[in-house]
1. Taking only the range 40-67 into account, find how many residues are surrounded by fewer than 15 Cβ atoms within 10 Å (Cβ to Cβ) and closer than 13 Å to V8 by Cα.
2. Just checking: which of the helices (runs of 4 or more DSSP H) contained wholly in the range 23-111 hold 3 or more residues that are under 20 Å from P6 (Cβ atoms) and in contact with a helix residue (DSSP H, G or I) (Cβ under 8 Å, 6 or more places away or on another chain)?
3. Of the conditions (1) touching a residue at least 40 places away in the same chain (Cβ under 8 Å); (2) more than 16 Å from ligand 2 (Cβ to nearest atom), L38 fails just one. Which one is it?
4. Return the pairs, sorted by first residue and then second, in which the second residue is surrounded by fewer than 20 Cβ atoms within 10 Å (Cβ to Cβ), the first residue lies in the range 195-220 and is on the phi > 0 side of the Ramachandran plot, the beta carbons are less than 9 Å apart, and the residues are 6+ apart or on different chains.
5. Of the residues that make up the range 174-185, is at least one within 16 Å of ligand 2 (Cβ to nearest atom), over 22 Å from R121 (Cβ atoms), buried (at least 21 other Cβ atoms within 10 Å of the Cβ) and not hydrophobic (A, V, I, L, M, F, W, C)?
6. Quick check on my filter: what residues within the range 45-100 are under 25 Å from L155 (Cα atoms), within 16 Å of ligand 1 (Cβ to nearest atom) and touching a Ser or Thr at 6+ places or on another chain (Cβ under 6 Å)?
7. How many residues does the range 172-190 hold that are closer than 28 Å to G55 by Cα, away from ligand 1 (no atom under 16 Å from the Cβ), touching a Ser or Thr at 6+ places or on another chain (Cβ under 9 Å) and of a type outside the set (S, T, N, Q)?
8. Residues to consider are L220, L193, L201, L169; find the one that is surrounded by 16 or more Cβ atoms within 10 Å (Cβ to Cβ), at pLDDT 95 or above, under 16 Å from A31 (Cα atoms) and within 16 Å of ligand 1 (Cβ to nearest atom).
Amino acid sequence: SSSAVPAVRTAGITKRFGAFTALSEVDLDLAPGEVHGLIGSNGAGKSTLIKVLCGAITPDEGTLTVAGDPVSFTLPAQAERAGITVIHQETQLFPDLSVADNVVVSRPNLRGPAGLGLRDRRADRAEAARLLESLGLTIDPGRLAGTLDLAEKKLLQVARALRSKPRLLILDEPTAALEARQARRITTLIRGLAADGLAILFVSHNLDEVLESCDRITALRDGRTVARLAGDQATPHLLAELVAGQQLANA
Ligand code: ADP
Ligand code: MG
């Protein structure tokens, strides 16, 4: 509920790139158990805000708190340790490794899937199978990740992200390029994770999908928050206007 301590809160986040202000005094409350939609046209600042939350960039001004405690990140690993995990739009999987290996290896990096050779494959497969099953995902842990369809790849990314037991899971355009039925597999999983108490920050260009899946919605335009509303107060028309940047009579 909104009276609970936010999982993650930003206050007055400002980020400049040279003379350009990409984010201006952004306040965001991400509550446990809620799916929070983040909308805005290209260049509005969504990815920059995500980068601040996940420790990829440091804001010029403003504060970040996790479960009420002030934090400051200079590395993504610090954000992850604090319980903030991001699923980037670009699918980061090892196509030639099994689903199970993709769940248990550390994130892809320049050195490749380090440490796999030392792992107990049977235990890994059992752990991956348990995790996939707990998420209601019927994906064979032995399949090669490269053979999965787009939605399954995204679901696999979610499964892997959950291994670090995040309190906030951020998904940047997880349904981009998916058909409606496939996208629904993602949003259904997201709703289930929120029901289990996670805070979710969900970025999407599909406003119908945002309306359907989000408890609260924040709209950014030119780096500023132009609206914060409850999902059940929003309409497709209102969201479209917010994204397009038109003047609103009653916003
Ligand atoms: P969105 O994800 O909403 O499309 P971004 O957060 O990616 O928007 O970008 C917001 C604005 O900040 C854009 O105008 C973009 O060009 C600018 N920007 C983002 N990152 C950088 C950077 N590293 N250097 C300079 N400008 C940047
Ligand atoms: Mg972006």
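1. Qualifying residue count, the range 40-67: 1.
2. Fully inside the range 23-111 and qualifying: nothing.
3. (2)
4. Taking only residues 6 or more apart or on different chains, the pairs are G197/P32; G197/G33; G197/R167.
5. Yes; the residues of the range 174-185 include at least one that is within 16 Å of ligand 2 (Cβ to nearest atom), over 22 Å from R121 (Cβ atoms), buried (at least 21 other Cβ atoms within 10 Å of the Cβ) and not hydrophobic (A, V, I, L, M, F, W, C).
6. none
7. The total comes to 3.
8. Criteria check complete, one pass: L201.
The values are calculated or read from the model by the stated rules, or taken from the named source; none is laboratory data. Quick caveat, the model's predicted, so the values are computed rather than measured. A quick note on method: Cβ atoms are made from the backbone with ideal geometry, for glycine too, and the neighbour counts reach across all protein chains shown.
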